Structures are given as C-alpha cells and as structure tokens.
Amino acid sequence: MRSERKVNSFYRPSAKEIEYIMKSEPIIKIQGVHKWFGDLYVLKGIDISVNKGEVVVICGVSGSGKSTLLRCINALETFQKGSIIVDGLSVNANNRKFVREVRKRVGIVFQNFNLFPHLNAIDNITLAPRQVKKVNKREAEQQAMKLLAQMGLSDKKKSYPISLSGGQKQRVAITRALAMDPMVMLFDEPTSALDPEMIKEVLDAMISLAQKGMTMIVVTHEMGFAKCVANKIIFLDQGVILEEGSPQELFENPKHKRTKEFLNHILT
Amino acid sequence: MTWMRVLLLLRGAVVALEVCTLGIILGCVLGFCLSLMRLSKIKTLNMLSLIYVELFRDSPLLIQLFLIFYGLPILFKVQTSALVVATIAMTLNSSAYIAEIFKSAIGGIMKGQWDASYSLGLSHLQSLRYVILPQAFRIAIPPLINQFVSMLKSSSLASIIGFVEITKLATMIRSRTFTTFDVLGVTAAIYFVMCYGLSRLGSYLEKRLEIGT
C-alpha cells in the first residue's frame with residue numbers, strides 16, 4: 001500500500017506515454033448534441049467519437065440531420081445542447097477565436113463545391129493559407145501545385161471554376177481544404193451533385209486520402225466507398241443514431257427495420 | 001443655331017458629365033459605407049443607414065438641391081458656388097441608391113460562398129474582402145451604370161439653382177435667340193447620345209463580366 005502511494009505521487013508520464021495518450025484520445029468527440037430550428041427538432045442527442053486516422057461514414061434519408069451534424073462540427077451551424085470537442089477545443093459559436101482555431105483544423109468539402117468563381121484554381125487553393133496562415137505567395141503556390149499534382153490537376157491551375165467539369169471542381173475543392181493542412185476532413189455529400197461518370201474520380205481521390213491516414217467524416221450514400229474504407233458506419237434517422245458499426249456488421253446484419261429498408265433502397 | 005452655340009452646349013454637356021462622374025464616385029464611397037452599415041449586426045448603424053437611404057430616396061432631388069443651396073449658408077455660414085452644391089446634392093442623393101445597389105449585390109452572393117470561406121478559417125472581414133466583395137462589385141456594375149445614366153438626366157435640375165451646365169446654357173441661348181425647338185432639340189440629342197452610349201457600355205460590361213465569372 002505504502003509503496004503504491006509513493007509511486008503515484010511521484011509519477012510523471014514520459015513524453016512517449018503522453019504521445020500515446022494523445023493518440024488514443026478521440027480527435028473529435030460529440031456528446032449529447034441537440035439542435036432545433038424553432039419547432040423543427042433536427043438532432044436529438046448525438047454521441048460520436050472519432051479517433052485519429054478513422055474514416056466514419058454517416059448515412060440516412062434526407063432530412064435525417066446528417067448534413068446539419070457535419071456543419072455543427074466546424075461551427076457553420078450552432079447547436080443548443082451538448083458539446084463538440086475538436087482536438088481539445090470546444091466548438092462554441094460564441095467564442096470566435098475558438099471557432100477559427102477549429103476551422104483551421106477541420107476542412108470541409110461541400111455538395112455544391114462552393115469554389116470561389118472569381119478566382120482561378122490556384123488562387124482558390126492559396127487564398128486561405130496566405131490570408132489565414134500568412135504563408136508567403138511562393139510557398140503557398142508550391143504547396144498548392146504539389147497537392148494539385150497528387151489530384152492529377154496540374155494542368156488546371158490557371159482554370160476558373162466555370163471551365164472545370166463537376167469532378168474537377170470537386171477535386172479542386174478537396175485540394176483547397178487540404179491546403180490548410182487539416183487534421184480532419186468533413187465531406188458533405190461530395191458526389192451527390194456530380195454526373196455519374198465523374199463520381200469515380202472524386203471517390204478515388206477520397207479513398208487515396210483515407211489510405212494516407214486522414215481522419216474523415218463522410219456523409220454519403222456511396223456504399224461502395226463505405227465498404228472500401230470506412231471503419232465505422234453510422235445510420236442516422238430523424239435526428240438520432242439508429243445504428244452504428246463496422247461496414248460488415250451493418251451491411252450483413254442490420255438490426256433495425258429502418259436500416260434494412262434504407263440499405264435495400266440504396267444498394268439496389 | 002450656329003456652330004458656336006452647339007459647341008457651347010457640348011461644353012455644358014462636359015460640365016454635366018464631370019459633376020456626375022464626381023458625384024457617382026463620391027456616391028459610391030458613401031453608398032458602400034452605408035451598405036456595410038446596413039448589413040452589419042449593430043442595430044444603431046443599421047437604423048441610421050436605413051433612415052438616410054429612405055430620406056434621400058423618398059424626397060425629390062429638386063427639393064434636396066434647394067435645401068442644400070439655401071441651407072448651407074444659413075446653417076453653416078458657408079457661401080459656395082452652384083457647382084459645389086450640385087456635386088454635394090448628387091453625391092448624397094446617389095449614395096442612397098448606390099447603397100441599395102451594393103446591399104442587394106452583397107445579398108445576392110450565395111450563402112455557400114460564405115460557408116466556404118468561413119470553413120477555411122477566414123474571418124468575417126477577410127471573407128468580405130477576398131470572397132464576397134470581388135463578386136458583388138461585378139454584379140453591381142450594370143446597375144451602377146444605370147444609376148449614372150439617371151443621374152446625368154436629373155443633373156439638368158441643377159440648372160435651376162444657377163449651375164451652368166448644358167440645360168442652363170440651353171435656356172440661356174433660348175431666351176437670347178427665341179429659338180425654342182432647335183436649341184432644345186440639340187440639347188435633347190446631346191443628352192440622348194451620352195445616355196445611350198453609357199447604356200450600351202453597361203450592357204457590354206454586363207456581358208463581359210458574366211463570362212469572366
């Protein structure tokens with residue numbers, strides 16, 4: 001007993017142990033999040049935690065609150081109850097400094113690309129690193145070119161969004177988010193606005209990103225993608241998590257009737 | 001109608017153009033500030049801007065001219081030329097309209113643009129400066145040119161306070177020569193050429209900027 005107490009009082013974790021603890025700590029922790037717009041209850045107590053390097057796919061019918069949940073993570077939406085912690089920072093829309101810190105760490109890709117139409121691809125990508133991180137122009141452009149090359153878009157650096165195809169736009173949008181060197185990437189139905197023949201190029205880019213170890217939360221109905229890279233699939237229904245688990249568990253053995261219906265609907 | 005008189009009228013047209021150009025430039029500066037006040041979250045600024053805009057839009061330019069013309073000497077003991085009064089009136093009047101133009105141009109930018117720039121970590125001001133305003137200005141150019149045209153036409157009102165521009169010259173020539181129709185006809189033609197030219201410029205820019213975005 002005595003010796004134990006002695007050990008405890010002098011115990012200091014080593015640097016390596018601290019690193020280990022930090023790694024196993026979830027990078028995103030969503031706890032009991034509730035959100036409503038007036039009478040419309042969108043999220044009814046959501047709990048999710050995402051570890052470093054994990055890929056989480058969120059699916060559900062439209063109106064189930066999946067986009068709203070995603071937008072709460074980087075404070076594009078506010079929520080009334082609960083907490084969201086990103087990399088130890090609490091997301092609170094009232095604390096502007098915190099919000100900007102969170103947004104620097106979290107990249108998001110939208111369904112409608114939301115590229116800046118008055119800027120060409122490289123300016124779209126370098127705007128935030130230059131203005132937010134104060135990287136100088138040359139360095140920012142070098143890094144942007146590196147990322148564009150990985151996306152196979154080197155020849156599009158001077159193109160304006162209007163002259164890009166949907167798939168190219170979305171890949172530029174992914175590059176733009178990556179240029180801020182985020183710890184987490186959020187994808188809000190990234191392929192839903194694309195023509196079928198362009199979906200693959202965007203999914204391939206996302207798959208290679210996942211394989212490089214990026215932590216990702218993806219709202220999508222692309223179950224092929226989910227099977228391929230997801231660690232966890234979350235089925236959201238009417239603002240609650242109805243079911244969650246690995247792709248195998250969810251696809252082969254869904255517990256809820258609604259999940260079954262949804263999967264049948266999507267997979268056929 | 002001699003050539004000298006036509007030249008005189010043209011000189012008057014240039015004066016009118018100059019005053020209107022100055023008026024629209026200053027009006028743009030003031031109007032831009034007013035539109036930002038209008039879009040800000042601070043209630044007082046909001047109300048001030050709203051009151052200003054409504055006052056100037058909902059009263060006749062002629063009365064504003066008179067008020068400034070007679071008001072400046074009485075209120076501030078400043079004696080100024082009709083030129084200065086005309087410029088001030090044009091600026092104040094046009095700024096109210098321009099504020100509305102900028103307000104709707106900024107409001108016309110899709111919400112997704114704000115989302116994207118916020119999500120990249122840009123502050124509100126940075127988003128406005130690098131993402132929203134460059135797009136809003138493009139949208140605003142055609143209506144701004146319309147505003148310029150309507151201002152050029154209403155600048156003829158300033159002849160009443162003795163500002164010597166094209167309309168004033170026309171009435172002077174007319175009273176000296178008693179030739180109503182050819183003087184006023186030529187004056188109207190000069191106005192038409194200026195306004196039509198500007199309108200064409202407007203639609204040209206509109207097409208150009210559409211492709212540019």
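Some notes on this structure:
- Largest accessible area first, the listed residues B:K111, A:K97 line up as A:K97, B:K111 when surface is computed with a 1.4 Å probe on the assembled protein chains.
- Note on B:S150: accessible area is roughly 50 Å² with a 1.4 Å probe, heavy atoms of protein only.
- Anisotropy class of the protein assembly as shown from Cα gyration tensor, a/c 1.5 cut: prolate
- Shape box of chain A [Cα atoms, principal axes, largest first, Å]: 72, 51, 38
- Burial of accessible area (probe 1.4 Å, heavy atoms of protein chains only) in segment A:74-104, relative to its chain alone, reaches at least 50 Å² for A:R100, A:R103.
- Think of a 1.4 Å ball rolled over the protein heavy atoms: segment B:3-212 then has 53 Å² of accessible area per residue.
- For the protein assembly as shown, the Cβ-based charge dipole about the Cα centre amounts to some 1260 debye (Lys, Arg positive; Asp, Glu negative; other atoms uncharged).
- Cα centroid separation, segment B:1-49 to segment B:113-186 (Å): 6
- The charge dipole of chain A, taken about its Cα centre with unit charges on the Cβ atoms of Lys, Arg (+1), Asp and Glu (-1) only, comes to about 1160 debye.
- Probe 1.4 Å, accessible area per residue of segment A:38-123, Å²: 41
- Probe 1.4 Å - accessible area at A:R130, Å² to nearest ten: 80
- Among A:L209, B:Q113, A:A144 the positive-end extreme of the charge dipole of the protein assembly as shown (Cβ point charges): A:A144
- Within 10 Å of each Cβ in B:106-119, the average number of Cβ atoms from other chains: 5
- Look at the stretch B:131-138: the mean tally of other chain Cβ atoms within 10 Å of its residues' Cβ atoms is 3.
- Which of A:F37, A:F251 is most accessible, then next, and so on - probe 1.4 Å: A:F37, A:F251
- Carbon plus sulfur fraction of accessible area for segment B:3-212, probe 1.4 Å, in percent: 73
- Per the accessible-area calculation with a 1.4 Å probe, the total area buried between chain B and chain A rounds to 1900 Å².
- Cα-Cα pairs of segment B:34-135 separated by more than 17 Å (percent): 62
- Per residue of A:121-131, other chain Cβ atoms within 10 Å of the residue Cβ number 3 on average.
- Solvent exposure, largest accessible area first (probe 1.4 Å, DNA, RNA and ligands not counted), of A:W36, B:W3: B:W3, A:W36
- Both radii come from the Cα set of segment B:3-212: Rg as radius of gyration, Rh as Kirkwood radius; their ratio Rg/Rh reads 1.06.
- Mean ellipticity per residue at 222 nm, deg cm²/dmol - from DSSP H runs of n ≥ 4 across the protein assembly as shown, formula -39500 (n - 2.57): -19500 deg cm²/dmol
- Given charges at beta-carbon only (K, R positive; D, E negative), |dipole| of segment B:3-212 in Debye: 100
- Segment A:208-260 - accessible surface per residue (Å², probe 1.4 Å): 48
- Kirkwood Rh in Å, taken over all unlike Cα pairs in segment B:127-209: 15.0
The values are calculated or read from the model by the stated rules, or taken from the named source; none is laboratory data. What you see is a predicted model, and the numbers here were worked out from it, not measured in a lab. For neighbour counting, all protein chains shown are included, and Cβ atoms are generated from backbone atoms with ideal geometry for every residue, glycine included. Remember, those area values only see protein heavy atoms, side chains included, never the ligands or the DNA or RNA. Shrake-Rupley method; radii C 1.70, N 1.55, O 1.52, S 1.80 Å.
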